[in-house]
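Here is the structure we will look at.
The values are calculated or read from the model by the stated rules, or taken from the named source; none is laboratory data. Keep in mind that this is a model prediction, so the values were computed, not measured. With ideal geometry, Cβ positions are generated from the backbone for all residues, glycine too; neighbour counts draw on all protein chains shown.
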Amino acid sequence: MMALYGLQEQFARAVLAASPQACPWLTPASEPFFDIHRNNTRVLLREALGGVFPVARMLVGDDFFAHTARMFITQMPPRSPVLLDYGRDFPDFLDALPASAGISYLGDVARLEWAVHRAYHAANAEPLEAAGLAAALPSPPADLVFTTHPSLMLVRSPFAVDQIWRIHQEGGPATEVRIEDRAAYLVVVRPRRTVEVLSFDAAGFVVVEALVRGEPLGQALDAGLSASPALAIERLLANLLTAGLFTSAAPVGVAEQADSHD
């Protein structure tokens, strides 16, 4: 007799298969109920994708999105029982889809939507305030290592995907978007109740990337200055704090000791 796990795996494959192939051990009387379950499961996953990627859905239309979602569900079924985790690979799937080649920015729009989704559902944490940063300053500031907010996500695109995303939000600006006017360097974060999509220039984004990797402040600023010697350091740091991108800061040695105890 097949073990329970084997039965479950076979049943899951049949539910998500491209064509409705019943499990060999299903009886004729149970097959209609299996078909109902199969249909409900696929509809649930399709609606979940549509909820995470509403702008991508609007850009391609409901029929195209539904067809694409069905292919994605068949080829890349859920690997986690947590439905909120489903869709991480959908932007890459859109990039590889020949039918979406005419919308070159579609995958990056979806990446921004995934970042917004993950930021919204991330753990809550109090952002670092100026007073908290001041308490960490006995060490040379260049040696400070920052802990990023758990909701923080980074999105980079050669297209102005943030503008596309904004005009498709309720109450968004009714403006014409020229998607190739500029690249997008975006930080998505939810320091409090609302998800923020913040736009940076290339040099500022390099600094944020370095800080997210755990590099000390001095190294991160050097990387930003290499990208643009005109980088306004004080204004950038003030903006990063105001935006709530970090939850703590500590001298590099102290930060490494804290990591070793986690």
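Of all residues in region 242-262, exactly one satisfies the criterion of being buried (at least 18 other Cβ atoms within 10 Å of the Cβ), in a helix (DSSP H, G or I) and either modelled with pLDDT of 90 or more or outside the structural domain of residue 187 (by TED's automatic domain parsing) (or both), namely 243.
Out of the residues in region 67-78 that are of a type outside the set (Ser, Thr, Tyr) and either under 17 Å from the mean Cα position of the chain (by Cα) or part of a helix (DSSP H, G or I) (or both), which is surrounded by the fewest Cβ atoms within 10 Å (Cβ to Cβ)? Among those residues, the one meeting the criterion is 75. Any residue in region 106-121 that is part of a loop (DSSP other than H, G, I, E, B) and surrounded by 15 or more Cβ atoms within 10 Å (Cβ to Cβ)? Within region 106-121 (the criterion being part of a loop (DSSP other than H, G, I, E, B) and surrounded by 15 or more Cβ atoms within 10 Å (Cβ to Cβ)), the answer is no, since none of the residues qualifies. Of the set (1) small (Gly, Ala, Ser); (2) closer than 20 Å to residue 209 by Cα; (3) in contact with a strand residue (DSSP E or B) (Cβ under 9 Å, 6 or more places away or on another chain); (4) not in a loop (DSSP other than H, G, I, E, B), all apply to residue 132 but (2).
The residue that is surrounded by the fewest Cβ atoms within 10 Å (Cβ to Cβ), among those in region 185-217 that are part of a loop (DSSP other than H, G, I, E, B) and touching a residue at least 12 places away in the same chain (Cβ under 8 Å), is 192.
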